[in-house]
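First the structure, in the form of structure tokens, and then the observations on it.
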Amino acid sequence: MVSLMEKIVSLAKRRGFIFQSSEIYGGLSSCYDYGPLGVELKNNIKRAWWKKMVQGREDTFGLDASILMNAKVWDASGHLSGFVDPLVECKSCHKRFKLDDLKGKKECPECRGQLTESRNFNLLFKTFMGPVEGESSVVYLRPETAQGIFVNFINVLQSGRAKIPFGIAQIGKSFRNEITPGNFIFRTREFEQMELEFFIKPNEAEKWYQYWLKQRLNWYLELGIKEENIRLRGHKKNELAHYAQDCSDIEYKFPFGWSELEGIANRRDFDLKRHAQYSSQDLSYLDEKTGEKFIPYVIEPSAGVDRSLLAFLIDAYEEVKGGRTTTTKSVKEQEVVLHLHQDLAPVKAAILPLSKKEPLVKIAQDIYQELRRHWICQYDEVGSIGRRYRRQDEIGTLSCLTVDFESLKDKKVTVRDRETMRQERIAITKLVDYLKGKLMEVV
């Protein structure tokens, strides 16, 4: 029996969401490329996050920090000394495993061979800057976007005339040399993060921590994740990172089990204090009203773009047994529908001429050229209308616009809604306003 995860991976490749990186050369482990639909879905997720976290707030500033940073940044943050995983290797098959993943097992889970003693493995990707390779030219691919925010704290504070509480938000690539990546795009060596560092007074840390727990959980629910598939899990004391006073994970019920989708942490004043110490710069905040000077505490909601995309795909996926009524007949075979939220759907409208005859094609092309000025749309004239409907359902297209022979007379098209299956005749001149209205509605 084909698992749900296998179906998602198959759909992702077949319909142009996600491809294996360097596939024609045999691929590169745990690296993926986003295809035409995947990049639109990914951009829509990032756009929805940015709209919620930056555009929709008066207390947050955006940032795009460099991937390459001074190596001292990672010394100050603790990544050079503490960013390690205990690693063991099988003496027989030579596969390597994170010690934590073995959960106390004393033999290789693959071949039952004997395991080596554990040794620490640093997850940083190391490279060199400039023509000469040496210790003085060492740089690292950043393992998180957060440090780019912390080292720019004073820059944003001064240029933005910011007042605490305020946040700095960033979306960007990060890199970790994971020992055991897997589960498709859930854990990869190159990934994208959506992070906010929210700077606050130390005595208000708990209030803001609870605030962001609620805000971030609601974001996923608002974008269509089912309540039964998402939860908050607080970390136990022995799980907390060295910098965290408190931390909770937003977990999603993936086909492989409950796993982290986003972490919300109270990072205290650890990062700013460390960077102040290592850089000899004053990173404190002066409250002009009270005259108080202090190092702010930080609440950090940190989400993975790739993990979010995987969760939205899984949650939206439905197999309709016996098909859906797409024309006057019921489709006999099984049909797949992606119930993606309107803000996330890669394609907002598909324009489908009922015939390839010139009068219909001309009208359909004119409509397509007009609508694509506003949204990502598709034009499809290949196959029966029922088959074309099913193709659009499979990629989550919100509306299908059919141009038929009546369109030559009444200057209207039939608009079919993905969710309700309702069909309406809409005047061609009113299509843009009609679709704008639908896209503004709350699903």
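The values are calculated or read from the model by the stated rules, or taken from the named source; none is laboratory data. None of the values given here were measured: they were computed from a predicted structure. Heads up, the Cβs are rebuilt from the backbone with ideal geometry, glycines too, and the neighbour counts pull from every protein chain shown.
Some points to look at:
- Leading residue by the ranking (nearest to the chain's Cα centre (by Cα)) among those in the range 284-301 that are surrounded by fewer than 18 Cβ atoms within 10 Å (Cβ to Cβ) and in contact (Cβ under 8 Å) with a residue 24 or more places away in the chain: PHE294
- Failed condition for SER355, given (1) in a helix (DSSP H, G or I); (2) more than 25 Å from ILE8 (Cα to Cα); (3) not aromatic (Phe, Trp, Tyr): (1)
- Extreme residue, surrounded by the most Cβ atoms within 10 Å (Cβ to Cβ), among residues of the range 254-283 that are of a type in the set (Phe, Trp, Tyr) and over 16 Å from GLU197 (Cβ atoms): PHE254
- Index of the failed condition, ARG176 passing every other in (1) farther than 20 Å from ARG142 by Cβ; (2) touching a residue at least 24 places away in the same chain (Cβ under 8 Å); (3) more than 15 Å from the chain's Cα centre (by Cα): (1)
- Residues in the range 1-28 that are among the aromatic types (Phe, Trp, Tyr) and either crowded, with 16+ Cβ neighbours inside 10 Å or under 22 Å from GLU222 (Cα atoms) (or both): PHE17 only.
- Subset of the range 105-120 (residues that are in contact with a Lys or Arg (Cβ under 9 Å, 6 or more places away or on another chain), not in a loop (DSSP other than H, G, I, E, B) and not hydrophobic (A, V, I, L, M, F, W, C)): GLN114
- Residue check for VAL9: assigned by TED's automatic domain parsing to the domain that holds TRP212, under 17 Å from ALA311 (Cα atoms) and out of contact with any helix residue (DSSP H, G or I) (no Cβ under 6 Å at 6 or more places or on another chain): yes
- The sole residue among ASP64, ASP59 that is within 20 Å of the chain's Cα centre (by Cα), within 30 Å of GLN158 (Cβ to Cβ) and among the acidic types (Asp, Glu) is ASP64.
- Those helices (runs of 4 or more DSSP H) lying entirely in the range 359-443 with at least 3 residues touching a helix residue (DSSP H, G or I) at 6+ places or on another chain (Cβ under 8 Å) and either surrounded by 15 or more Cβ atoms within 10 Å (Cβ to Cβ) or in contact (Cβ under 8 Å) with a residue 60 or more places away in the chain (or both): 431-440
- Residue pairs whose Cβ atoms lie under 7 Å apart, separated by 6 or more positions or on different chains, with the first residue in the range 145-165 and touching a residue at least 12 places away in the same chain (Cβ under 8 Å) and the second among the charged types (D, E, K, R) and assigned to a loop (DSSP other than H, G, I, E, B), are GLY148/ARG142; ILE164/LYS201; PRO165/ASP59.
- Some residue of the range 125-138 being within 30 Å of LYS42 (Cα to Cα) and free of Cβ contacts under 8 Å to residues at least 12 places away in the same chain: no
- Residue within the range 118-128 that is at pLDDT 90 or above, surrounded by fewer than 19 Cβ atoms within 10 Å (Cβ to Cβ) and farther than 20 Å from THR188 by Cα present: yes
- Scan of the range 347-358 for residues that are without any contact (Cβ under 8 Å) to a residue 12 or more places away in the chain and either of a type outside the set (Asp, Glu) or in contact with a helix residue (DSSP H, G or I) (Cβ under 9 Å, 6 or more places away or on another chain) (or both), ordered by number: LYS357
- Check on GLU107, surrounded by 13 or more Cβ atoms within 10 Å (Cβ to Cβ), acidic (Asp, Glu) and at pLDDT 95 or above: no
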